[in-house]
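Asks: Okay, here's the structure, questions in a sec.
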């Protein structure tokens, strides 16, 4: 019999992030499949009343919270103390949490304090004959492992895009506050503000419905024998702004900056997908001017619907990893798409 704790933190507006609702769905599903198990919710934030009410009908037997001004912002010391207190107070043997930057940084420390074990980047979860099994990818997402543990508490940090978000009705929830005292050493880090790009300048949007992948072909000579890097930048940024898509890049494109070649001014290694880059999860993906196959196979793995634009109908990348291939000039296609979106 397991006692499952769902952990989440609030956003600036007091609501839960979307990825937290996905983790909640995992916790609810796991609890339902474990005979005799129970579910408890643990929340961290300045004021969690709105978040607790939003998930009040999730079936949890209780709601615990660590609240206050000191827990409104992401800070390793206070987050670690808060999550450790919630796990200890709940008596949880299994802990399910979303893979937000805040929890990905603090939960390993909290687990260590409690003598438990933690799995980050969990990409699959199932219960077979009362045994909990999780999936994780290794070796740059090229190998998948299914594993279980006997140590408790066992903390599972769920990646986004693995589970459909929990979608229950709001309901009243009685929240029990858990007192956590913080000494000066814990709160010596002070958050004085947040700096973020404007919506128009932002190119990485994890919650976007579409991932737009740009390849090195955008910066090569085009049909007229000339380079059109500025035109490429305008087309790509225009599409990102109009479609509110997230931008991904092939390794060959971001590497050009170190090779002295023309580059897209807004592109960095943070946009790289595949190989040593990220493995984003979006409902749809559109790859443009990409060549080859292996550099993109890993980062493209978790995109549900994959399409590509390429002049080469026999391109190994397009044929091997795209569900739909448009044999056309990406410059012309994206120009027309921007006109339609505009």
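Taken together, the values in this text are just the output of simple stated rules run on the coordinates, not laboratory data. The shown structure was predicted, so the numbers you read here are calculated from the model rather than taken from an experiment. Positions of Cβ are generated from backbone atoms using ideal geometry, with glycine treated the same way; all protein chains shown enter the neighbour counts.
Asks: From Cα pairs below 8 angstrom and at least 6 apart in sequence, can you work out the relative contact order of the stretch 24-175, rounded to a whole percent?
Replies: Across the stretch 24-175, relative contact order equals 30 percent.
Asks: Anyone know which of 238, 61, 207 comes out most mobile in the 10 Å Cα GNM of the chain?
Replies: In the Gaussian network model the winner is 61.
Asks: When DSSP assigns beta bridges and you keep just the ones with both residues in the chain, what percent turn out antiparallel, to the nearest 5? Walk me through the numbers before you get to the answer.
Replies: Details: 10 of 57 bridges.
Rounded to the nearest five, the antiparallel share is 20 percent.
Asks: OK, next. At a 10 Å Cβ-Cβ cut-off, how would you order 74, 250, fewest neighbours first?
Replies: Values: 74 18, 250 28.
Ascending number of Cβ neighbours within 10 Å: 74, 250.
Asks: Compute the separation of the alpha-carbon centres of the stretch 223-238 and the stretch 1-72 and state it in Å as a whole number.
Replies: 47 Å
Asks: Continuing with the same structure: Could you put 158, 192 in order, starting from the residue whose Cβ has the fewest other Cβ atoms within 10 Å? Please list the in-between numbers first.
Replies: Values: 158 28, 192 5.
In order of increasing Cβ crowding within 10 Å: 192, 158.
Asks: A further question follows. Note the angle between two axes, namely the Cα long axis of helix 330-341 and the longest principal axis of the Cα atoms of the chain, as a number of degrees from 0 to 90, rounded to the nearest 10.
Replies: 60 degrees
Asks: Angle between the Cα long axis of helix 76-90 and the longest principal axis of the chain, 0 to 90 degrees, nearest 10?
Replies: Helix 76-90 sits at roughly 50 degrees to that axis.
Asks: Rank the residues 244, 230 as a footprinting-exposure proxy: fewest other Cβ atoms within 10 Å of their Cβ go first. Could you put the intermediate results ahead of the total?
Replies: On the way: 244 14, 230 11.
Ordered from fewest to most neighbouring Cβ atoms within 10 Å, 244, 230 come out as 230, 244.
Asks: Residue 332 versus residue 190, label points 7 Å from Cα toward the beta carbon: distance in nm?
Replies: Output for this residue pair reads 6.1 nm.
Asks: Please determine, in degrees from 0 to 90 and to the nearest 10, the orientation of helix 18-33 with respect to the longest principal axis defined by the Cα atoms of the chain, where the helix direction is its Cα long axis.
Replies: The angle comes out at about 50 degrees.
Asks: Only Cα pairs within less than 10 Å get springs; with that Gaussian network setup on the chain, which residue of 99, 145, 23 has the largest fluctuation?
Replies: 145
Asks: Suppose only helical runs count, i.e. DSSP H with n ≥ 4. What mean residue ellipticity at 222 nm does that imply for the chain under -39500 (n - 2.57) per run, divided by all residues and rounded to the nearest 500 deg cm²/dmol?
Replies: Values: 9 runs with 93 residues, N = 342.
After summing the helix terms and dividing by the residues of the chain, the value is -8000 deg cm²/dmol.
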